[in-house]
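J.: For reference, the structure I am asking about is given below.
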Amino acid sequence: MISFNEKIKRRSKEINSFLCVGIDISTDSLGSDNLENLISHSKKVVDATKDIALAYKPNFAFFEKWGSKGFEWLEEMMGYIGDGPITIADAKRGDIGNTAKQYAASIFGHFDFDSVTLNPYMGEDSIMPFLNNEEKGVFILCRTSNPSAKTFQSLNFHNEAKLYEQVAKWADSLNVSDNVGLVVGATAPEELIKVRRLAPSLPILIPGIGTQGGDLVSCIKEGNKSGIGILNISRDISFSRSHSANDIRQSAKMYVKKMNEALNV
């Protein structure tokens, strides 16, 4: 079997890309409250980017909003993406025990995602049920991109290490089967540098480029100093200019080019 983290590296090398395309298709962004239009647009995004996307990250909230029809849409999207790109369930699960086991069975079994985002607040009990299969991976929230992230994540411990630094070291210790990664926002570049030093080999998923204002060049360089850094772009690709397939593709290609130029690859 190939570990999840090795799958990421191979896909990246195969297509020469570090781009994750976020699938966050909302009625506000599309300008339509017709579910069929949203489904059609999500497929358009995949069609326009599949050969250059290292990964896709469907955000569960945008599907759950529609109830049972939303889950059918998510099932359909997973089949539509198919083999090749890495799939990341942006679900931010964070419960324990049997509940965590059911979440893992749903995401890895029913929906067949390659990986999932997890909230580490409840400790190992909320993470371990997702690590039983080395081919399936997790991205643990470490230093997120939202404005109030520092309220808790930047609190100091008695040894002066901040909470997000403790999370990075702890996550690194859990990476026994090479299937653990971290989430670090592009809006926290100094923290990204520290996290990369603390967890040199872990994949880092980096949201916050584009609409949220993170710096692409510094983030792609720091994220890939040792392990692999994956930059997530959502609205700037999915809703580029006229929302046409050509505009979506051109936006995605532009981001891939900028990343590769920054890394000289």
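The values are calculated or read from the model by the stated rules, or taken from the named source; none is laboratory data. In this text the structure is predicted, and so the values were computed from the model without any measurement. No Cβ is skipped: glycine too gets one built from the backbone with ideal geometry, and neighbour counts run over all protein chains shown.
Conditions tested, residue by residue: (1) touching a residue at least 40 places away in the same chain (Cβ under 8 Å); (2) among the basic types (K, R).
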position	(1), (2)
K169	no, yes
L174	yes, no
S177	yes, no
G181	yes, no
I193	no, no
L198	no, no
L205	yes, no
G208	yes, no
D215	no, no
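J.: Quick one: D24 ticks every box in (1) without any contact (Cβ under 8 Å) to a residue 40 or more places away in the chain; (2) surrounded by 14 or more Cβ atoms within 10 Å (Cβ to Cβ); (3) under 24 Å from Y121 (Cβ atoms); (4) among the charged types (D, E, K, R) except a single one, so which number is it?
T.: Only one criterion is unmet by D24, namely (1).
J.: In segment 148-164, is there at least one residue being touching a residue at least 60 places away in the same chain (Cβ under 8 Å), crowded, with 17+ Cβ neighbours inside 10 Å and either of a type in the set (K, R) or touching a Ser or Thr at 6+ places or on another chain (Cβ under 8 Å) (or both)?
T.: Checked segment 148-164: no residue is touching a residue at least 60 places away in the same chain (Cβ under 8 Å), crowded, with 17+ Cβ neighbours inside 10 Å and either of a type in the set (K, R) or touching a Ser or Thr at 6+ places or on another chain (Cβ under 8 Å) (or both).
To keep it simple, each residue is scored yes or no on (1) among the charged types (D, E, K, R); (2) in contact (Cβ under 8 Å) with a residue 24 or more places away in the chain; (3) out of contact with any Ser or Thr (no Cβ under 9 Å at 6 or more places or on another chain).
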site: K50; (1), (2), (3): yes, yes, yes
site: A55; (1), (2), (3): no, yes, no
site: F71; (1), (2), (3): no, no, yes
site: E75; (1), (2), (3): yes, yes, yes
site: M78; (1), (2), (3): no, yes, no
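J.: Moving on. Mind counting the residues in segment 89-148 that are more than 28 Å from P189 (Cβ to Cβ) and β-branched (V, I, T)?
T.: Summing the residues that are more than 28 Å from P189 (Cβ to Cβ) and β-branched (V, I, T) in segment 89-148 gives 3.
J.: Any residue at all in segment 109-120 that's in a loop (DSSP other than H, G, I, E, B) and over 24 Å from R11 (Cβ atoms)? Talk me through it step by step, then tell me what you get.
T.: Just the residues of segment 109-120 that are in a loop (DSSP other than H, G, I, E, B), to begin with: 111-114, 119-120.
Still in the running and over 24 Å from R11 (Cβ atoms): 119-120.
Yes, segment 109-120 contains at least one residue that is in a loop (DSSP other than H, G, I, E, B) and over 24 Å from R11 (Cβ atoms).
J.: Can you pull out the helices (runs of 4 or more DSSP H) entirely within segment 24-78 that have at least 1 residues that are under 16 Å from D247 (Cα atoms)?
T.: 27-30, 35-49
J.: Looking at S251, S226, S240 in this structure, which one is small (G, A, S) and surrounded by fewer than 15 Cβ atoms within 10 Å (Cβ to Cβ)?
T.: Details: S251 fails: surrounded by fewer than 15 Cβ atoms within 10 Å (Cβ to Cβ); S240 fails: surrounded by fewer than 15 Cβ atoms within 10 Å (Cβ to Cβ).
Checking each option against the conditions leaves just S226.
J.: Based on what the data block shows, is R241 in contact (Cβ under 8 Å) with a residue 40 or more places away in the chain, in contact with a helix residue (DSSP H, G or I) (Cβ under 7 Å, 6 or more places away or on another chain) and closer than 25 Å to P85 by Cα? Before you say what the answer is, go through the steps one by one.
T.: On the way: in contact (Cβ under 8 Å) with a residue 40 or more places away in the chain: no; in contact with a helix residue (DSSP H, G or I) (Cβ under 7 Å, 6 or more places away or on another chain): yes; closer than 25 Å to P85 by Cα: yes.
No: the conditions fail for R241.
J.: Only one residue in F71, F108 is within 30 Å of N34 (Cβ to Cβ) and either modelled with pLDDT of 95 or more or buried (at least 20 other Cβ atoms within 10 Å of the Cβ) (or both). Which one?
T.: Numbers: F108 fails: within 30 Å of N34 (Cβ to Cβ).
Result of the check over F71, F108: F71.
J.: Right, another one. Considering each of I107, I88 in turn, give the residue that is among the aliphatic types (A, V, I, L, M) and either under 19 Å from R235 (Cβ atoms) or touching a residue at least 24 places away in the same chain (Cβ under 8 Å) (or both). First the steps, then the outcome.
T.: Values: I107 fails: either under 19 Å from R235 (Cβ atoms) or touching a residue at least 24 places away in the same chain (Cβ under 8 Å) (or both).
None of the others qualify; the one that does is I88.
J.: Looking at the structure I just gave you, is K7 part of a helix (DSSP H, G or I), at pLDDT 95 or above and in contact with a His (Cβ under 9 Å, 6 or more places away or on another chain)? Walk me through it before giving the result.
T.: Working: part of a helix (DSSP H, G or I): yes; at pLDDT 95 or above: yes; in contact with a His (Cβ under 9 Å, 6 or more places away or on another chain): no.
For K7, the condition - part of a helix (DSSP H, G or I), at pLDDT 95 or above and in contact with a His (Cβ under 9 Å, 6 or more places away or on another chain) - is not met.
J.: Which is of a type in the set (A, V, I, L, M, F, W, C) and out of contact with any Leu (no Cβ under 9 Å at 6 or more places or on another chain), of L205, L198, L155, L118?
T.: Checking each option against the conditions leaves just L198.
J.: Tally the residues that are among the basic types (K, R) and more than 23 Å from S29 (Cβ to Cβ), restricting the search to segment 219-265. So that I can check it myself, show each step before the final result.
T.: Going through segment 219-265, the residues among the basic types (K, R) turn out to be 221, 225, 235, 241, 249, 253, 257-258.
Filter once more, keeping what is more than 23 Å from S29 (Cβ to Cβ): 221, 225, 257.
Final tally of qualifying residues: 3.
J.: Against the condition at pLDDT 95 or above, part of a strand (DSSP E or B) and aliphatic (A, V, I, L, M), how does L141 come out, does it pass?
T.: Working: at pLDDT 95 or above: yes; part of a strand (DSSP E or B): yes; aliphatic (A, V, I, L, M): yes.
When the stated conditions are applied, L141 passes them.
J.: Can you tell me how many residues within segment 163-218 are in a strand (DSSP E or B), under 30 Å from S29 (Cβ atoms) and modelled with pLDDT of 95 or more? Walk me through how you get there before you give the answer.
T.: Initial filter on segment 163-218 (in a strand (DSSP E or B)): 180-184, 204-206, 209, 214.
Now restrict to residues that are under 30 Å from S29 (Cβ atoms): 181-184, 204-206, 209, 214.
Imposing the further condition that a residue be modelled with pLDDT of 95 or more reduces the set to 181-184, 204-206.
Of the residues in that region, 7 qualify.
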